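Okay, structure first, notes after.
The values are calculated or read from the model by the stated rules, or taken from the named source; none is laboratory data. The shown structure was predicted, so the numbers you read here are calculated from the model rather than taken from an experiment. Neighbour counts run over all protein chains shown; Cβ positions are idealised from the backbone, glycine included.
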């Protein structure tokens with residue numbers, strides 16, 4: 001899932017588009033749209049036989065720390081580490097739907 005762009009304007013390739021979308025004036029509009037897409041679309045994806053866990057990258061890439069970004073929209077090394085840690089937390093069951101994950105894991109273990 002997409003994360004929030006950096007709220008600090010600069011001279012990156014995405015600045016003109018972010019400006020046209022009004023992000024420089026009011027980032028909350030795009031943030032709300034991203035959250036809505038996450039909750040109403042990405043989080044509802046189902047594929048038979050797979051345990052899908054939507055990871056809200058905007059929890060760690062919230063746009064407030066310019067050091068997390070390159071060109072306002074690309075993750076820097078620091079931002080990449082934050083996203084990787086969040087994803088790992090989901091994989092290890094520290095976050096997310098652990099009840100469903102445990103059920104699927106038990107089913108897989110029963111098959112072996």
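Rundown of residues vs (1) more than 27 Å from residue 86 (Cα to Cα); (2) assigned to a loop (DSSP other than H, G, I, E, B); (3) more than 13 Å from the chain's Cα centre (by Cα), yes/no style:
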site: 4; (1), (2), (3): no, yes, no
site: 11; (1), (2), (3): yes, yes, yes
site: 17; (1), (2), (3): yes, no, yes
site: 22; (1), (2), (3): yes, yes, yes
site: 28; (1), (2), (3): no, no, yes
site: 31; (1), (2), (3): no, no, no
site: 34; (1), (2), (3): no, no, no
site: 38; (1), (2), (3): no, no, no
site: 43; (1), (2), (3): no, no, no
Tell me, please, whether a residue that is outside any loop (DSSP other than H, G, I, E, B), in contact with a strand residue (DSSP E or B) (Cβ under 7 Å, 6 or more places away or on another chain) and at pLDDT 95 or above can be found in segment 80-98.
-> yes
If you scan segment 36-77, which residues turn out to be free of Cβ contacts under 8 Å to residues at least 40 places away in the same chain, over 17 Å from residue 12 (Cα atoms) and touching a helix residue (DSSP H, G or I) at 6+ places or on another chain (Cβ under 7 Å)?
-> 59
